Amino acid sequence: MSATATAPDRLRAGGKPPRRAEGGALSRPRGTIATVIMAVLALVWLFPLIWAVLNSFRSYAYTQQNGYLSFGGWTLDNYRTVWQDSGLGKYFLNSLIITVPAVILTLFLSSLVAFVLARFSYRFNLTLLAVFLAANLMPPQALLIPVYRMFRSIPLPLFMSESGTVLGSYWGLIAINVAFQMGFCTFVLSNYMKTLPHEIYEQAQLDGASVWRQYWQLTMPLVRPALAALGTLEVTWIYNEFFWATVLLGGQGDKFPITSALNNLRGQFFVDYNLLSAGSVLVALPVLVVFFVLQKQFVAGLTLGSTKG
């Protein structure tokens, strides 16, 4: 057979087609190794959660007698005790009262600032963005005393706060969460809004659309995926917030959100970790539900623009 024979000629002569590489850029051995490494890392990452779920279904007496490395003692009493004796329903409502307004206000105010930063060119645009980001860069502990004194000095009507000040009220906790989360949301939304075509705004101006209509009827529908992704993150962060709730509501235990109320499950002389695990699982359920409901929008918001080139 001549050296210049074509591929079909070689196939007809009994030759085998060249073997194609599988698995994309990774060869089969490397792909197997990468899969094993990722599986091990995922197991290490999920181990605390799996361990907490398993222990939440085990009795404290059994684990005390046989140790936590044993296998058995299954019961549902931990969940019954947590829900009935600790009053978690009331604390879930407190978390709802704090989280929902804080997330809505954060996204709304951040979208307003982001629209101004993306649509209008001022000399102090970067300075304004840096001011909003400053709250995310400073540790909360550094602002504890100034915020505490400020909230203690701001009066509120008694029908809004039993203490007569912002301290010890839902309003103060909502305000501090909005203040700390606005920087990140403004940064993300402003960068996303800058990718929107300027031609649609020029056409809107020619049609006589006001700035408010350009924001509400034109921009907001286009940034829905980004808002959904940020909303999922903000619900998780504000719902799980512990530091400010414990400090600002220290004298109002009945107003604690669910994360701060978990401390009530600790005994004075010992800690029933099985009972605490059951409480932690119940506390995590709302966040998991929100994530799975908004999963498609969350992933879409994170991957928007990744294929542009």
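Here are the numbers for this structure:
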| read-out | value |
| --- | --- |
| Ser190 among the polar types (S, T, N, Q), in contact with a Ser or Thr (Cβ under 9 Å, 6 or more places away or on another chain) and assigned to a loop (DSSP other than H, G, I, E, B) | no |
| Unmet criterion (only one of (1) touching a residue at least 24 places away in the same chain (Cβ under 8 Å); (2) surrounded by fewer than 15 Cβ atoms within 10 Å (Cβ to Cβ)) for Val82 | (2) |
| Only listed residue being without any contact (Cβ under 8 Å) to a residue 40 or more places away in the chain, surrounded by 18 or more Cβ atoms within 10 Å (Cβ to Cβ) and either under 22 Å from the mean Cα position of the chain (by Cα) or over 18 Å from Val147 (Cα atoms) (or both), chosen from Leu227, Leu262 | Leu262 |
| All positions within the stretch 121-165 that are surrounded by 15 or more Cβ atoms within 10 Å (Cβ to Cβ), assigned to a loop (DSSP other than H, G, I, E, B) and within 30 Å of the chain's Cα centre (by Cα) | Ser161 |
| Where Thr219 falls short, out of the listed (1) more than 19 Å from the chain's Cα centre (by Cα); (2) within 30 Å of Leu93 (Cα to Cα) | (2) |
| Flag for Thr32 being under 15 Å from Ser277 (Cβ atoms) and surrounded by 12 or more Cβ atoms within 10 Å (Cβ to Cβ) | no |
| Residue within the stretch 213-235 that is modelled with pLDDT of 80 or more and closer than 23 Å to Trp51 by Cα present | no |
| Conditions (1) closer than 22 Å to Tyr91 by Cα; (2) assigned to a helix (DSSP H, G or I); number of the one not met by Met182 | (1) |
| Selection count, the stretch 207-253, where residues are of a type in the set (S, T, N, Q) and in a helix (DSSP H, G or I) | 6 |
| Condition check for Thr232: touching a Lys or Arg at 6+ places or on another chain (Cβ under 9 Å) and more than 19 Å from Ser280 (Cα to Cα) | no |
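Table: residues versus (1) closer than 20 Å to Val247 by Cβ; (2) of a type in the set (Ser, Thr, Tyr).
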| position | (1), (2) |
| --- | --- |
| Glu162 | yes, no |
| Tyr170 | yes, yes |
| Ala179 | yes, no |
| Glu202 | no, no |
| Trp212 | no, no |
| Tyr215 | no, yes |
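The values are calculated or read from the model by the stated rules, or taken from the named source; none is laboratory data. Being a predicted model, the structure only gives us computed values, none of them experimental. Neighbour counts run over all protein chains shown; Cβ positions are idealised from the backbone, glycine included.
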